[in-house]
Structure formats: C-alpha cells, structure tokens
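Worksheet: one structure, shown below.
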C-alpha cells in the first residue's frame with residue numbers, strides 16, 4: 001500500500017487522474033467486466049488516495065445521471081400512445097379502488113385482471129411475501145395489499161398501511177405500485193411506501209423509481225434516487241433528502257423496532273398505536289409536546305408507558321382498552 | 001439486521017494501517033459532506049488564484065489533504081475546514097511560486113464565505129436535478145453526447161454503441177470516458193450556485 005504523506009512530491013495532474021477514473025467507470029459500465037478487471041481496478045484504487053478521491057467524485061456524478069435513465073425508461077419514445085392508455089386505465093382502477101375500499105365493499109368485482117391476490121396483516125403483524133420472480137414485499141402492521149401480474153407487468157395496489165419493496169428489476173416486466181391516486185414505477189429498487197389518509201410517503205433506499213401523480217395534471221414523472229423521501233399531503237408534493245440513519249430508523253419495524261429521535265410524545269404514541277390493539281391516549285397538550293428519543297419493540301406499548309411514567313413523570317390511567325397518559 | 005446500503009457502490013477497502021478511520025468510510029464521508037460544497041470551493045479557488053490552469057490541480061490537492069486529515073479524524077465543521085485547507089494551500093503555493101502577493105490571500109475571510117453560502121440544499125425537488133443533468137448532457141460535444149446518451153439513457157453496451165455509431169470500440173470508450181468526466185465537472189461544479197443565482 002502506498003503512502004501519500006509526501007504531499008510535496010509532484011503528483012500526476014488532476015486531469016490525468018480524473019480521466020483515468022472516468023475510463024475505469026466506462027469500462028466497468030459498458031464493457032466485459034470480470035473478476036480480473038475488478039482486481040485491476042482495486043489495484044489502481046489502492047495505489048493512491050488521489051485515485052480513490054477522483055474515482056469517488058466521478059462515481060457520485062455517474063450515479064446522479066441515473067435519473068436520466070430512469071426518466072427515459074418510464075416514458076419510452078414512440079410508444080407513448082399505448083402506454084398512456086394503460087396508465088389511464090391504472091389511474092381509474094386506483095381511484096375506483098380507493099372509493100370502493102372506503103365504502104367497505106369488496107373491490108374484487110372491479111378487477112377482472114387475472115391472478116389477483118390479496119395480502120393483509122393485522123395490527124401488530126409483520127409479514128414478508130415472496131413473489132415468483134424473487135422480489136420481496138414486507139408488510140408492516142395493519143396493511144392491505146393486492147398483487148396481480150401479466151406477462152409484461154407486475155402490479156401492486158397498496159390499499160392501506162405500509163410496505164417495504166425489494167424488487168427484482170426486469171425491463172420487459174415493469175413493476176408498479178399504486179397507492180391512492182399515485183403510482184411508483186420501480187426501476188430496480190428497494191423502497192418504502194406508507195399510505196395514510198391524506199398522506200403518502202415514498203422513501204427510496206436503493207436503486208431508482210419513478211413517481212407519478214394520477215390526477216390528470218401529470219407532468220413528467222419524478223425520479224427518485226436513494227435517500228429521496230417524497231411526501232404527498234394536501235395535494236402538495238415535497239421531496240427531501242434523508243440520511244441513512246433516518247431511513248434506517250423509519251424502517252426499524254422490519255426488525256420489530258420503533259425508533260424515535262426527538263419525536264413528540266404524540267407522534268410516538270400515534271406510531272406505537274399502529275401496532276397495538278390497546279391504544280395509548282395522550283390526554284393533554286403539554287404532555288403531547290414533550291420530546292422523546294427512544295427505541296421500543298413494536299409490541300412494547302408497556303415499555304412506552306413506563307418511559308412516560310418514570311422518565312417524564314406523567315400520570316398513567318388504565319381504562320377499558322385505553323391507556324391514558326397525562327401531566 | 002437491517003440492510004441499508006451506505007451508498008450504492010461504495011468500494012470498501014481495508015483500513016489503512018495507522019489510520020483510525022477506514023478509507024472506505026472516508027470516501028463515504030467525502031461523497032456526502034465534501035463533494036456537495038464543490039461549487040463553493042471552486043468559487044473560492046477561482047476568485048483567489050490567477051492562473052486558471054491550476055484550478056483542477058488545486059482542487060485535487062485540497063481534496064487530498066482534507067481526506068488525509070479525515071483518515072485521522074473527521075473534522076467537526078466540514079465547510080470551514082475545507083475552505084481553511086484551501087486557503088493554506090494557496091498561501092503555500094503563492095510562497096513557493098512568488099506569483100501572488102501573500103497578503104492578498106491571508107486576508108481572505110474564509111469563515112465569512114462559509115457562512116455566506118447556504119449549506120448544500122438537499123431539499124431540491126427531483127425535477128431541478130433533472131434539469132441540471134439535462135444541461136450537463138447538452139453541454140457535451142455532439143459525438144461524445146451521442147455515445148453517452150446511447151450508453152446511459154438507451155442502455156446500450158460499449159460494443160453496441162461502437163456499432164451504432166460506426167466507430168471503433170476504442171473511440172467509443174474514449175467518448176464515454178470523456179462524457180463521464182465532463183458531466184461530473186458540470187454536476188459537481190454547479191450543484192448549488194453560490195448566492196442563489198439561477
């Protein structure tokens with residue numbers, strides 16, 4: 001391993017190094033790449049920290065260009081007429097689904113599409129579905145989800161709740177999730193979708209996905225890259241960047257944990273209530289606004305109550321089916 | 001265990017002997033904390049160094065020093081640290097080359113710059129990024145752009161690009177490498193425009 005402490009030694013020019021790094025990336029992306037090439041790249045990277053820096057810098061830019069690819073894949077030129085007909089059908093289906101579900105009537109009659117399967121988790125449950133193509137969907141508490149597929153597309157409807165998707169990408173067999181009147185088209189991805197009344201969140205962990213609104217005013221799809229978190233509420237779409245840590249916290253339920261970082265007691269109570277039949281009620285505003293940072297098992301409603309009682313000094317009242325917390 | 005990748009393709013390597021932070025960690029930190037402020041750094045270098053041909057090398061030197069320091073310990077405040085490193089580098093170069101009066105640089109108010117420019121705005125809507133990308137690609141020379149688009153957007157392999165464009169595989173490689181290099185310059189250099197010009 002070479003040491004680079006000799007800063008005064010004349011190094012190859014920055015442009016030379018950057019051009020070499022660019023050459024490595026194009027070789028890796030566009031030409032035969034075997035262990036042999038990988039070993040050569042590793043050796044080049046190990047030669048100097050400057051090599052690593054240049055490579056990282058170009059690699060970051062290169063991954064950002066993934067958005068262009070994603071955009072194109074979701075709107076192939078020349079086939080727009082057919083595509084838009086299909087997406088219109090999807091939109092109608094999704095809208096119908098929401099209405100029908102809200103009215104409490106089975107939605108099946110609306111779907112003559114073949115092979116629709118419905119999955120549901122009860123409050124507090126966490127279930128993993130393995131699809132035939134190797135994709136996995138993890139359902140969080142209180143979630144209803146329907147899958148259907150044809151030869152050319154895989155379709156999932158998230159009726160309510162939250163699910164984490166780990167999708168095997170197949171360009172000839174698109175994967176689309178519809179939630180409310182929005183849809184997310186996978187382009188090789190791990191992502192989270194959480195659907196609540198009046199609020200929809202999509203967080204991308206890995207890969208790429210395209211997000212569409214199906215309200216008839218659809219502009220070009222928004223392409224999501226890892227770390228992007230998109231929230232739709234009150235017809236506003238907001239995209240923010242989330243750190244790996246925050247995303248990991250949000251996905252804590254996958255390992256049965258709820259993680260709160262400076263959350264208000266109200267937020268934490270709402271969250272833990274999603275997983276438990278017995279509900280916590282935070283009775284007054286002063287208590288509701290207290291902040292906590294803590295991690296609980298999803299079923300740890302008692303831990304939560306104990307924390308409120310012992311650490312925050314709040315009163316706990318147990319009534320039928322409810323645990324009331326107050327100042 | 002939860003599986004969340006740090007970055008899509010972090011090239012994890014063995015920790016450097018004697019260093020307390022692994023190179024892979026430093027690179028993740030570099031990509032996340034340092035790269036987004038490249039526009040500010042470039043602005044600083046350009047406004048304080050006369051010879052524009054040196055700028056790329058200066059940037060590389062700044063990054064190298066910053067990452068070497070990070071291998072020992074991550075600085076608490078990245079922006080002031082990077083800009084102070086840049087200033088010290090310029091002072092040393094000026095001393096050695098005797099081309100710029102040193103006072104001109106020692107007066108630089110690095111902390112002022114660090115405060116002036118909004119911290120990298122990560123809440124940008126995806127569409128802005130898309131526009132920036134489009135501009136970066138539009139700026140490529142025509143043949144280079146064609147190869148880049150065929151490869152990145154259409155998903156062709158190097159061999160297919162060469163065949164489609166009627167060029168040798170070597171030339172296709174060169175176009176692609178040049179495209180990757182130039183797009184990175186535009187993307188990093190213009191990440192967030194200082195002073196909010198748009």
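Please treat every number below as a calculation from the coordinates, not as lab data. In this text, all values refer to a predicted model and were calculated from it rather than measured experimentally. Positions of Cβ are backbone-derived with ideal geometry, glycine not excepted, and every protein chain shown enters the neighbour counts.
Can you tell me how much longer the chain between residue A:283 and residue A:44 gets when fully stretched, taken as 0.36 nm per residue apart minus their C-alpha distance, in nm with one decimal?
Numbers: separation 239, 0.36 × 239 = 86.04 nm, distance 6.24 nm.
The span from residue A:283 to residue A:44 would gain 79.8 nm if fully extended.
Write down the Å³ per residue value for the convex hull defined by the alpha carbon atoms of the range A:170-321. Intermediate results must be reported in sequence, preceding the final value.
On the way: hull volume 20.4 nm³, N = 152.
Residue-normalised Cα hull volume stands at 134 Å³.
Taking each residue in A:12-21, count the Cβ atoms of any other chain within 10 Å of its Cβ, then average. What number comes out?
Mean inter-chain Cβ contacts per residue within 10 Å come to 5.
Modelling each spin label as a point 7 Å along the Cα-to-Cβ direction, I'd like the residue A:199/residue A:326 distance in nm, to one decimal.
Placing both labels 7 Å along Cα→Cβ, they lie 2.6 nm apart.
In peptide A:23-33, how many Cβ atoms from other protein chains are near each Cβ within 10 Å, on average?
Taking the mean over all residues of the peptide, I get 6.
Exposure proxy check: A:47, B:174, A:127 ranked by fewest other beta carbons within 10 Å?
With the fewest neighbours first, A:47, B:174, A:127 line up as A:47, A:127, B:174.
Please report the base-10 log of the normalised intensity I(q)/I(0) for the range A:152-256, using a Debye sum with one equal scatterer per alpha carbon and no solvent, at each q in 0.10, 0.12, 0.24 (1/Å).
-0.25, -0.36, -1.51
Run the quick spin-label model on residue A:237 and residue B:143: label points 7 Å from Cα toward the beta carbon, then report their separation in nm to one decimal.
3.9
Separation between the residue A:148 and residue B:131 pseudo-spin-labels, each 7 Å from Cα along Cα→Cβ, expressed in nm?
Calculated label separation equals 3.9 nm.
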